1. With C:Lys134, C:Lys161 as the choices, which residue is within 26 Å of C:Gly118 (Cβ to Cβ), away from ligand 2 (no atom under 16 Å from the Cβ) and more than 10 Å from chain A (Cβ to nearest Cβ)?
2. If you go through the stretch B:25-83, how many residues are in a helix (DSSP H, G or I) and away from chain D (no Cβ under 11 Å)?
3. Condition test on A:Thr66, is it within 16 Å of ligand 4 (Cβ to nearest atom) and buried (at least 24 other Cβ atoms within 10 Å of the Cβ)?
4. Got at least one residue in the stretch C:251-261 being on the phi > 0 side of the Ramachandran plot and modelled with pLDDT of 95 or more?
5. Mind counting the residues in the stretch D:148-158 that are in contact with a strand residue (DSSP E or B) (Cβ under 9 Å, 6 or more places away or on another chain) and more than 7 Å from every other protein chain (Cβ to nearest Cβ)?
6. Looking only at the stretch A:84-110, count every residue that is facing another protein chain (nearest Cβ under 7 Å), more than 19 Å from the chain's Cα centre (by Cα) and farther than 20 Å from D:Gly214 by Cβ and tell me the total.
7. Which condition from (1) surrounded by 14 or more Cβ atoms within 10 Å (Cβ to Cβ); (2) touching a helix residue (DSSP H, G or I) at 6+ places or on another chain (Cβ under 6 Å) is the one that D:Asp286 breaks?
8. Determine if the stretch B:114-130 includes at least one residue that is in a helix (DSSP H, G or I) and more than 7 Å from chain D (Cβ to nearest Cβ).
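The values are calculated or read from the model by the stated rules, or taken from the named source; none is laboratory data. Computed from a predicted structure; not experimentally measured. As a convention, Cβ positions derive from the backbone with ideal geometry for all residues, glycine included, and neighbour counts pool all protein chains shown.
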Amino acid sequence: MPKKSVRTAINEAIAQEMERDPNVIVIGEDVAGGQGSSNGPGSVGGVFGVTAGLYDRFGGERVIDTPISESAIIGTANGAALTGMRPIAEIMFVDFIGVCMDQVYNQAAKFRYMFGGKAKTPWVLRSMIGAGMRAGAQHSQTLHPLFTMIPGLKVVMPTNAYDAKGLLIEAIRDDDPVIFLESKTLYEQETDVPDEAYTIPFGEAEFVREGDDVTLIAMGGAILHAQAAAEALAKDGIECDIVDPRTTSPLDEETILESVENTGRLVIVDESPPRCSLASDIASIVADKGFKSLKAPIKKVTCPHTPVPFAPSLEDEFLPNANRIIAAAKNAVNYA
Amino acid sequence: MPKKSVRTAINEAIAQEMERDPNVIVIGEDVAGGQGSSNGPGSVGGVFGVTAGLYDRFGGERVIDTPISESAIIGTANGAALTGMRPIAEIMFVDFIGVCMDQVYNQAAKFRYMFGGKAKTPWVLRSMIGAGMRAGAQHSQTLHPLFTMIPGLKVVMPTNAYDAKGLLIEAIRDDDPVIFLESKTLYEQETDVPDEAYTIPFGEAEFVREGDDVTLIAMGGAILHAQAAAEALAKDGIECDIVDPRTTSPLDEETILESVENTGRLVIVDESPPRCSLASDIASIVADKGFKSLKAPIKKVTCPHTPVPFAPSLEDEFLPNANRIIAAAKNAVNYA
Amino acid sequence: LHSNLRRLAFPPNHKMTAPRNREKPMQLQMSRDDLIRAYRRMTAIRQFEERVEKEFANGNIPGFAHVYLGQEASGVGICHELTDDDWIGSTHRGHGHCLAKGCEIGPMMLEIMGKEGGLCNGKGGSMHIADFDKGMLGANAIVGGSPPIAVGAALTQKLKKTGNVSVAFSGDGASNQGTTFEAMNMAVVLEVPAIFVIEDNGYGEHTAASYAVGAPSIAARAESFGMPAETVDGTDFFAVRDAMLRALERGRAAEGPYTIVTECPRYLGHFVGDPQPYRSEQEIADARARDGLVNFRGRVTEAGLLSHEDLDQVDQDIAKEVQTAVEIGVSAPQPDVSALESDVYASAY
Amino acid sequence: LHSNLRRLAFPPNHKMTAPRNREKPMQLQMSRDDLIRAYRRMTAIRQFEERVEKEFANGNIPGFAHVYLGQEASGVGICHELTDDDWIGSTHRGHGHCLAKGCEIGPMMLEIMGKEGGLCNGKGGSMHIADFDKGMLGANAIVGGSPPIAVGAALTQKLKKTGNVSVAFSGDGASNQGTTFEAMNMAVVLEVPAIFVIEDNGYGEHTAASYAVGAPSIAARAESFGMPAETVDGTDFFAVRDAMLRALERGRAAEGPYTIVTECPRYLGHFVGDPQPYRSEQEIADARARDGLVNFRGRVTEAGLLSHEDLDQVDQDIAKEVQTAVEIGVSAPQPDVSALESDVYASAY
Ligand SMILES: Cc1ncc(C[n+]2csc(CCOP(=O)(O)OP(=O)(O)O)c2C)c(N)n1
Ligand SMILES: Cc1ncc(C[n+]2csc(CCOP(=O)(O)OP(=O)(O)O)c2C)c(N)n1
Ligand SMILES: [Mg+2]
Ligand SMILES: [Mg+2]
């Protein structure tokens, strides 16, 4: 199977779905790029090139550049989705969601319920998450808990190219508003990715690694740190079960509980501050439904309760890293 | 001591701080009311009358009605706070925060950190939370987790008139942005409230009731249900420790852990959907730091993962109620 | 400079912006059935809302209710030439828009009472009524919520080349919300057939538009975004419909957006029960003196197009419909609790 | 109708809106020291940004950098008459605004390099520089973030009757953000001394203003909100300063807000490293041909106000300053990890 990067996998998923379904459109800032410029549109394809080539292939009617007006972007996606289109809207960095959150959580997420099941809002909101790029406090956040807490939304956080393609195609075909969060630091990651279209159902976690001593749950960019930690722990004879939830809403509780039942010890790695985080969410589920199997305190390895700092020395310390995961895992394993 | 309602206590706190400090101003939609009208301003004082009388007492320069522009309201509060004022901004219903969230979490919450400790943003954002008033999906949410997760914010949720006054005065004098959430269903609640100004420090939970069998943690409107449940449980010989955190950020972990150490059993009541909720946050803290003392699974009694329904039959079922709390408590107590 | 700018001042001292190029007398344009339909819808709104007020007081309507009294001619004039394939997005004050777009009184009353069989099966309520079969995309309890959504609906119409339009109703207060401005610019840039209807009833809750709208004119502000805009008397059905015909000329040809400001003073308070201490007796009397139904009746009877008997008959028919709707509504059951967790997601969750 | 509206089209085919009532020749207004200060600041920006480009390539500057090259005369012209008690709010492209407002090169370079001793001790970076002592309330990486904040700062000035003003810098792209529109209306309603400066450099990232701004004129759109507005050549320091003097007349008297649109084409890409495939060689050459420093040098030397020697001296002084700043910056330590959790709260937590 050909190796492809996460970026390529996402681009391919969008292109194949646009081919398949004329109702699929892409809308956002610079998704084509160059509108009104002297050389004309199409040469950019998103600040990180994820939508590159789509304009040339599908034209300006389906690859729509917008003004810098996020409320209008999501509102437009809402209205289009309510009336038969399947918009893929881009909010460049997830940090910007604050200017348009209403259209996400009061509108798209609630339409179907408020209207007694009559409406559907089949859109995908693509956005970039994650620190580590020295982008500062307003371009580095990981806000998946903000969406996970909202009934009516589905939330996807792929950690590799294969999942990215399959989950994005699933998201585009899904009839609900789906938040698709792309970790900046993972775009270059390559895995085998089939050329043809395929889907991965939501709510099915994946075992990234199997082990009996301790369960590590990691999402998004944090998966890399978890894997590094597991390697190191293996050298000390500690075998980790690594679970990647892949979607945070719906969440695959069964797989998580199954792993904890086996290991009895749980460390959750989450690239966001600790309060009301997905780490706390998962911990609380296990502390209820998995209590019987718990042999040690549930450890969370998260960012501190601070904004994201700019200086590399501070940002590296801000992120959950292998060392902190290793320490937490040993702590859990050695607990008696 | 004179009995006062939560509404009166809040009004009194604002008035007394405006008397004390000329930099304290009130800004929001209809906080005075009637600007530009034929009878002129001042006759309303907020949709629920919480700021009634302030305009007549302090004038239009300090009690400022605004257009319906929440981003500009919070942005104005941000700029004023950065430059020496102490604005009390009102976002009528917390549901509306989606149109101005950026000014709250990317601006106010991050200024001090981004600017290396040079800025302070001493404002209070007052807003109404809670279901039960048949106000529908966009006027009934309880979004305290949304703020609690944001580093740089402080979050207050008073459950009675005494706390409301003391915590609000503390909030106004605090040099950080403070989110002050008022439960609609508690406005009429009366308790003894001193006439003079006083403060209650943040991060100090309160024991609303003492018991050794099970710990109930309840915030905001949920406190009433918890108290009702405790009464009923007492009849069955089950004594509840009821802890009211009062502020969710900072959170008084010590008091919570102390209670669980005593009871070994924990039920958390939270008037919001379950995912990434404050209930999950507290459960995860106890599942780590209080693991040793836990004798039973941690139970959460929350709203379901749905928007708030309009029909009374559904909304009553949506809210956590005494019966569900009683069931959860018995479940925890009987666990072996 | 700024001091020279005449502030939009309505009320208390309202200056009407003259509608531009009002063409051809209406009676050449409308059939008798058309006229009856228009009057029927205005009457339905009037009687429905008066009854909502009453049933709210009777405790038969939970929560808040914002009634449309005084604005009947605006909603009906805007919707008169629309089909079910033309879409509208509404506001928290949406009953009138629903009825103007053809929603039925019975299911609306059931919804507002929170009963089974309501248009949203009781889950939405007064501020969240939608009826997709009628092209009603939903009331919206977030001020400024509908304009961006209408732009999206208009984008669908443009891409599918249907020749239909999407209307966003907003109030004078919503005209100051950033989302409304963004939607206007987006509509111009994407050249979609969105029609922004700003119903200036003089107030946003308890604050007058003369204070909250800093611009001298809401229409001129919209026009500066790059679209045609005009202001009309929102209590004159014919004036509103004429303006809409001009907007439709442009919209049906998918030439881009249009803004219509309809001036129609609010009769009652912001919500049912608002005592309106901020409004003088005189101001409210002046508002009530501008009655879209009286205006319509006078015009069509003087022109000999309809008789008083025709119109009285409509009044009676509607009265019966409303009475029946209330009786059914009051006795209807609330949704079963089993409905609480349904309708959250359309696909598997 | 819409089709008749001339779209703002700059670039590629730029039509300059003539600045209105440009009064008195500048030489009557500015002392020699004034002129030197203005040139020094423009030169500081030019050399600082060219060096930032270089050091970014050298790997000495982490993250993203958006440079202000080509816009020097805009920021310096706007800030020239401001004191430290007049406040400005900036953008993601804020280096020029900082230097124009009087921030020092050394601490700025340290901040951009993420080093200890930077203006924000390395916690902010290029997009979050603030210097309250200089009245610089902060760069802002959220497009449209600053305008509402500037309104609040202006409210403080109005309530405290200081006679100062607050300036919000925005770009053509930010002029379409709802927060900017809300801020304009709020400023008019509250009648605060806020000055909205829209720097139209032709692009928002990779999308031209001629496409994203649906309005025929950004200034006219602002004016329709109820405040005076004008458009000036943003590469002409004197034109910008003259416009600012008009805005200050109104602002210092606390009469209300003002909007100035400065047109100043972007020399480089959106961020350092943007290859700009969307811009033609010719367009970029035309942009570079409009050079605020060359313009200034020509005007003051022809008028015999300053000699080439005077100006060359400034060039050399700045070059030394920048060189020193880079040397210090490169060798300076990054903040100690102990700083990670400080500065989150001002009061106890
Ligand atoms: C974003 C938001 N802010 C505030 C409110 C509270 N609110 C509901 S209706 C209303 C007034 C709206 O005024 P206008 O747009 O003129 O409509 P009208 O009520 O006059 O029909 C306000 C402030 C809201 N629902 N949403
Ligand atoms: C709310 C928000 N949306 C999008 C972005 C991404 N972004 C950063 S700069 C920029 C372009 C801004 O254009 P303009 O306002 O003209 O300023 P310029 O870059 O030309 O100086 C965009 C879209 C952002 N930072 N914030
Ligand atoms: Mg109104
Ligand atoms: Mg620009």
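1. Going through C:Lys134, C:Lys161 in turn, just one is within 26 Å of C:Gly118 (Cβ to Cβ), away from ligand 2 (no atom under 16 Å from the Cβ) and more than 10 Å from chain A (Cβ to nearest Cβ): C:Lys134.
2. Residues of the stretch B:25-83 that are in a helix (DSSP H, G or I), as a first pass: B:54-58, B:70-82.
With away from chain D (no Cβ under 11 Å) added as a condition, the list becomes B:54-58.
Number of matching residues: 5.
3. Yes, satisfied.
4. First, the residues of the stretch C:251-261 that are on the phi > 0 side of the Ramachandran plot: C:254, C:256.
Still in the running and modelled with pLDDT of 95 or more: C:256.
So far as the stretch C:251-261 goes, yes, one or more of its residues are on the phi > 0 side of the Ramachandran plot and modelled with pLDDT of 95 or more.
5. Number of matching residues: 2.
6. Summing the residues that are facing another protein chain (nearest Cβ under 7 Å), more than 19 Å from the chain's Cα centre (by Cα) and farther than 20 Å from D:Gly214 by Cβ in the stretch A:84-110 gives 6.
7. Only one criterion in (1) surrounded by 14 or more Cβ atoms within 10 Å (Cβ to Cβ); (2) touching a helix residue (DSSP H, G or I) at 6+ places or on another chain (Cβ under 6 Å) is unmet by D:Asp286, namely (2).
8. No, there is no match, as no residue in the stretch B:114-130 is in a helix (DSSP H, G or I) and more than 7 Å from chain D (Cβ to nearest Cβ).
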